[in-house]
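Have a look at the structure below, then the notes.
The values are calculated or read from the model by the stated rules, or taken from the named source; none is laboratory data. This is a predicted model, so every value here is computed, not measured. No Cβ is skipped: glycine too gets one built from the backbone with ideal geometry, and neighbour counts run over all protein chains shown.
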Amino acid sequence: MTYPPWPALLFLHCLFFATSLSLPLPLGADIKALTVGDEIKNDSLPLNMGQRIYELRGLKESAWYEVKISYPASIPARFSIQLETGELELWLRKNRRLLNTEKLIFNADSHRPVYVVVTVEAEGVVAKPNVKERELVVFNIVCDELMLGIPHDAWLVAIAGLLCLVLALIIPSFLSPHLLLRNASSQSSSVAATKVS
């Protein structure tokens, strides 16, 4: 009985290892498209080890992005988000849970396709005894571009708040001084009257 030469075995082993690295996603996986700025609402997964893969579209090079999942608190579930690319890429996993959200922040630096793998597991117990546990969990997922670490949509709220603050500081200067003084004197006389009684 002859054994194959060790260089042939080494070559086959390297070939197998290289192909497993170049195919990070399972074959035949259900892949959905997730475009930057568009939210997918009411998507569902099986509650026990459900998994879905999203291909991110519309990514700009050298930009930071946030993939965020929100889900109802009435369904006890734990989501995890993983970034999959053909190469190692800078990405940050935020382990902070705020109002039943899970998020992933990453930097898009390549022209290769970027995939997000969403996995859900059942967590906790059913609140009502003798009631069958839900089979599906419903969630929303969105990918937003970040500017200074803040999503573009949130900048409108920040600008509106800053505008209100500026108006609150400027408007009193346009009021006539006797309106401001009369209001201040009426408040001081009412405070003095309450102290006497």
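Looking for whichever is among the hydrophobic types (A, V, I, L, M, F, W, C), modelled with pLDDT of 85 or more and part of a strand (DSSP E or B) here; the options are CYS164, CYS143. Which one fits?
Numbers: CYS164 fails: part of a strand (DSSP E or B).
Step by step, each of CYS164, CYS143 is checked, and only CYS143 is among the hydrophobic types (A, V, I, L, M, F, W, C), modelled with pLDDT of 85 or more and part of a strand (DSSP E or B).
Mind checking which residues of segment 33-62 are surrounded by 14 or more Cβ atoms within 10 Å (Cβ to Cβ) and among the hydrophobic types (A, V, I, L, M, F, W, C)?
Correct list: LEU34, VAL36, ILE40, LEU45, LEU47, ILE53, LEU56, LEU59.
Please specify each residue of segment 67-77 satisfying the condition of being under 14 Å from GLU135 (Cα atoms) and in a strand (DSSP E or B). Talk me through it step by step, then tell me what you get.
Step one: list which residues in segment 67-77 are under 14 Å from GLU135 (Cα atoms), which gives 74-77.
Selection gives ALA77 alone.
Looking at the structure I just gave you, is GLN51 under 13 Å from the mean Cα position of the chain (by Cα) and modelled with pLDDT of 75 or more?
Working: under 13 Å from the mean Cα position of the chain (by Cα): no; modelled with pLDDT of 75 or more: yes.
Criteria not met by GLN51.
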